[in-house]
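Working notes, structure below.
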Amino acid sequence: MKLHELSDNAGAAKKQKRVARGPGSGKGKTAGRGIKGQKSRSGVAIGGYEGGQMPLYRRLPKRGFNKPNQKHYAVVNLGLIQKFIDAGKLDAKTEITGDVLVASGLVRRVLDGVRVLAKGEITSAVTLNVAGASAAAIEAVSKAGGTLKVAAVAAATE
């Protein structure tokens, strides 16, 4: 192979549209900007600039609040836990913790802990030890003959 034999794949490099280069180009004269008006001229700053007047986005009050120390839980549904047990990815006889759920691939990362919700059905008697759970999930696990322990999250001491 020689240097002059090298070429891009077909369609890999698209040629740039050359505007205002005569009537034969299809984008001559006004270069696709139409006739007159603010948008046809150069130096247009329409998005938010109001000619020196205080812009609308700065006139309106700020709303809402983002809690700086909020907790983010990895959410798991009971139906998914049962599905992984049936597939053999989780062992119902051992205690299921956040680390076990990550190892099985059910949860990508633990974050501030795992929270179990009651969507779906669980039929296996499992022992779950997680950071949080809904009341319906605790009831569903106990109805199936298992236990669901919610580990108390240690309060940050300052």
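Screening 103, 31, 10 for residues that are assigned by TED's automatic domain parsing to the domain that holds residue 141 and farther than 20 Å from residue 121 by Cα leaves exactly one candidate, 103. In this structure, residue 87 does satisfy being closer than 30 Å to residue 144 by Cβ, modelled with pLDDT of 90 or more and surrounded by fewer than 10 Cβ atoms within 10 Å (Cβ to Cβ).
Scanning the range 34-71 for residues that are surrounded by fewer than 10 Cβ atoms within 10 Å (Cβ to Cβ) and either in contact with a Ser or Thr (Cβ under 8 Å, 6 or more places away or on another chain) or within 30 Å of residue 107 (Cβ to Cβ) (or both) yields 34, 64, 65, 66, 67, 68, 69, 70.
The values are calculated or read from the model by the stated rules, or taken from the named source; none is laboratory data. Source: prediction; values computed, not measured. A quick note on method: Cβ atoms are made from the backbone with ideal geometry, for glycine too, and the neighbour counts reach across all protein chains shown.
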